[in-house]
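Engineer: Submitted below is the structure of interest, expressed as structure tokens.
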Amino acid sequence: MLMNKYLDVNPEVAEAIAAGKPVVALESTIISHGMPYPQNVETALAVEQIIRDNGAVPATIAIIGGKLKAGLTAEEIEYFGKKGQAIHKASRRDLAVLCARGEDGATTVTTTMIIAHMAGIKIFATGGIGGVHRGAETTMDISADLEELGQTPVMVVCAGAKSILDLGLTLEYLETKGVPVIGYGTEELPAFYTRQSGFGVDYRIDTPEELAAAFKAGHEMGLKSGMLVTNPIPEEFAMPKAVIDAAIDQAIAECNEKGIHGKETTPFLLARVAELTGGDSLASNIRLVFNNAKVAAQTAVAYCKN
Ligand code: PSU
Ligand code: MN
């Protein structure tokens, strides 16, 4: 554990880490900015239960009153879900000022990795990561998540990246940063709502044991980078490709027309795609998060065994 006065690890999580028991980190931006209330809170609580059912302790991460919290209560999750986009979306650049001021912040993949690492948590489950946005050649909109994956040794289990991003450029960037992109049971990068993207992953791995062994090898040789595990949405919950592609194209066009940019872009696109698909994309989103939580918990269990 990299202790500092801002870090506040809840007792159950601290005890599990100290005893070498499996723990899985979860982010809070997916709650406040990634899904509407009340599905966001229901999903966050259900995900914690899935992690417990698979033998690990959940640690939902957020910034509350200037403290970097690892492990939230159900009341705190409800608070983040209700406050939604009124909560500050906190990336790496925001940590210092928010904590000095004693404010709240919803942690993205980036900040959840940072705080998980401080607390000694190695495995983190989420829905999707940020990446290189379409048009980044001129906007330079590249998520800080990619930088963090390059410098913080935490495994992130996600369902690939959405095609709101430029998936090819996202893979190029990850390669530059030295981040292995693993396909869980697949050779193809999943595209979040669909199992196919047309892009290959670096390695296919089929079991939680092998995921744990690969991550441990990097850790033991002192590599500081993270590992990205992309876990395809179960077939029965995937969206028809034509439907999701049309919704994403329309959402991106509206985003450009409205001049939305910076940290507002991803939340806008997520909400608009959910509206345009009449909630179908939200249902898929919830299912793929459940699936990622299960794989992350199984991998955390395997990591602690060997
Ligand atoms: N992708 C999703 N759902 C999410 C996010 C991304 O499918 O909730 C959130 C995550 O917290 C991710 C953040 O770290 O958006 C990336 O934001 P940006 O593109 O502004 O870096
Ligand atoms: Mn951005």
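We did not get these values from a lab; they are worked out from the coordinates using the rules stated. Source: prediction; values computed, not measured. In this analysis, Cβ positions are derived from the backbone assuming ideal geometry, glycine residues included, and neighbour counts consider all displayed protein chains.
Engineer: Going down the table (K67/K177; K82/K305; K216/K294; K162/K258), which pairs top 31 Å between alpha carbons?
Structural biologist: Details: K67/K177 29 Å; K82/K305 38 Å; K216/K294 19 Å; K162/K258 21 Å.
Pairs exceeding the cut-off: K82/K305.
Engineer: Between H219 and T139, with labels modelled 7 Å along Cα→Cβ, what's the label distance in nm to one decimal, could you check?
Structural biologist: Distance between the two pseudo-spin positions: 3.6 nm.
Engineer: Report the antiparallel proportion of the DSSP beta bridges in the chain as a percent, rounded to a multiple of 5.
Structural biologist: On the way: 10 of 35 bridges.
Close to 30 percent.
Engineer: Mind checking the log10 I(q)/I(0) for the chain at q = 0.10 Å⁻¹? Debye, one equal scatterer per Cα, no solvent, two decimals.
Structural biologist: -0.48
Engineer: If you don't mind, there's one more thing I want to ask. Grab every C-alpha pair in the range 64-177, bin the distances at 5 angstrom width from 0 up to the longest one, and report whole percents.
Structural biologist: Here the calculated profile for the range 64-177 is 2, 11, 19, 22, 20, 14, 9, 3, 0.
Engineer: A further question on this structure: Between T73 and K5, what FRET efficiency follows from the Cβ-Cβ distance if R0 is 25 Å, with the result rounded to 0.05?
Structural biologist: Numbers: r = 21 Å, r/R0 = 0.85.
Efficiency for this residue pair is about 0.75.
Engineer: Stick to the Cα atoms of the range 1-117, pair each with every other, and give me the Kirkwood hydrodynamic radius in Å at one decimal.
Structural biologist: Numbers: mean 1/r = 0.0715 Å⁻¹.
That comes to 14.0 Å for the range 1-117.
Engineer: What does the range 70-130 give for Rg and for Dmax, in Å, if only its C-alpha atoms count?
Structural biologist: For the range 70-130, the Cα radius of gyration and maximum Cα-Cα distance read 11.9, 30 Å.
Engineer: With a cap of 10 neighbouring Cβ atoms within 10 Å, and only residues DSSP puts in a loop, list the GluC sites (Glu not before Pro) found in the range 30-115.
Structural biologist: On the way: sites: E42, E48, E75, E76, E78, E103; in loops: E103.
Sites meeting the loop and neighbour criteria: none at all.
Engineer: A further question on this structure: Sort 112-119, 192-199 for me by packing, meaning the mean count of neighbouring Cβ atoms within 10 Å per residue, highest on top.
Structural biologist: Values: 112-119: 25.4, 192-199: 19.8.
Taking the mean over residues of other Cβ atoms within 10 Å, the ranking is 112-119, 192-199.
Engineer: On to the next question. Order the peptides 21-32, 263-274, 89-100, 216-227 from the highest to the lowest mean number of other Cβ atoms within 10 Å of their residues. Don't skip to the end; give the middle numbers.
Structural biologist: Numbers: 21-32: 27.9, 263-274: 20.2, 89-100: 17.6, 216-227: 14.6.
With the highest mean Cβ count within 10 Å placed first, the list reads 21-32, 263-274, 89-100, 216-227.
Engineer: Direction-averaged shadow area of the convex hull around the Cα atoms of the range 218-287, nm²? Spell out each step's value before the answer.
Structural biologist: Values: hull surface 27.1 nm².
For the Cα atoms of the range 218-287, the hull's average projected area reads 6.8 nm².
Engineer: Can you pull the one-decimal nm distance between simple spin-label points at Q151 and V97, each 7 Å off the Cα toward Cβ?
Structural biologist: Label at Q151, label at V97, 1.8 nm between them.
Engineer: How many percent of DSSP beta bridges within the range 124-276 run antiparallel, rounded to 5? Each step should come with its number before you reach the end.
Structural biologist: Working: 5 of 17 bridges.
Here the share of antiparallel DSSP bridges comes out near 30 percent.
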